[in-house]
1. How do the pairs read when you match residues in the stretch 103-114 that are of a type in the set (Gly, Ala, Ser) with residues anywhere that are loosely packed, with under 15 Cβ neighbours inside 10 Å and in a helix (DSSP H, G or I), using Cβ under 9 Å and keeping only pairs 6 or more apart or on different chains?
2. Taking the condition of being in a helix (DSSP H, G or I), more than 30 Å from ARG62 (Cβ to Cβ) and modelled with pLDDT under 90, how many residues in the stretch 104-145 meet it?
3. Any residue at all in the stretch 93-113 that's over 30 Å from ALA19 (Cβ atoms), out of contact with any Asp or Glu (no Cβ under 9 Å at 6 or more places or on another chain) and surrounded by 15 or more Cβ atoms within 10 Å (Cβ to Cβ)?
4. Would you point out which residue out of THR25, THR34 is crowded, with 17+ Cβ neighbours inside 10 Å, at pLDDT 90 or above and of a type in the set (Ser, Thr, Tyr)?
5. Suppose we filter SER87, SER137 for residues that are among the hydroxyl-bearing types (Ser, Thr, Tyr), surrounded by 14 or more Cβ atoms within 10 Å (Cβ to Cβ), farther than 29 Å from LEU16 by Cβ and in contact (Cβ under 8 Å) with a residue 12 or more places away in the chain; which single one remains?
6. Give me a count of the residues in the stretch 57-84 that are crowded, with 18+ Cβ neighbours inside 10 Å, among the polar types (S, T, N, Q) and modelled with pLDDT under 95.
Amino acid sequence: MDLSLLGEHAILTAMLAPALLMAATGSLLISANTRLARVVDRLRALIKEWNDDAPDRDQRDRQIRRHRVRAHLVLRTCQMLYLALGSFVGTSLGLAADTLFNFNLGVVPTALAVVGVLCLMVASIMMWREVSLAVSSFDDELDQEMARRRN
């Protein structure tokens, strides 16, 4: 197919969808990195309490294990989001290259887009799990504090 038949506007329009997905993925990365920083900060606080030999050491141990799982979930989420971002960049470049090479790349741009969307789906599932663990941790801490205040 001739480039002049398609027109530059059609090519740029096709490249917009991956650009929007890149922006959305970037927003999710900012959120995930913020969550990771908060989990690490909370872990450091728990470790300090643990080192101070708090009386509720078993509960602290459980919280540390849970927060460690959370940190690894957020890390894997970030990795998936970076892979998605790279896939969407590849999709956009693939669409441009496909046009330059007279549409000889076949399914490469589409395959890259599918990989990116699948990575977003996996990252979403992992963040769902991490948020669930965060609420469980909060519930445990709240129960612990309420029990302390009753005594």
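1. Close Cβ pairs satisfying both conditions: ALA113/ALA17.
2. The total comes to 3.
3. No, the stretch 93-113 contains no residue that is over 30 Å from ALA19 (Cβ atoms), out of contact with any Asp or Glu (no Cβ under 9 Å at 6 or more places or on another chain) and surrounded by 15 or more Cβ atoms within 10 Å (Cβ to Cβ).
4. When all the criteria are applied, what remains is THR25.
5. Going through SER87, SER137 in turn, just one is among the hydroxyl-bearing types (Ser, Thr, Tyr), surrounded by 14 or more Cβ atoms within 10 Å (Cβ to Cβ), farther than 29 Å from LEU16 by Cβ and in contact (Cβ under 8 Å) with a residue 12 or more places away in the chain: SER137.
6. Summing the residues that are crowded, with 18+ Cβ neighbours inside 10 Å, among the polar types (S, T, N, Q) and modelled with pLDDT under 95 in the stretch 57-84 gives 1.
The values are calculated or read from the model by the stated rules, or taken from the named source; none is laboratory data. Everything numeric here is computed off the predicted structure, so don't read it as measured data. Counting neighbours? That spans all protein chains shown, and the Cβs are built from the backbone with ideal geometry, glycine included.
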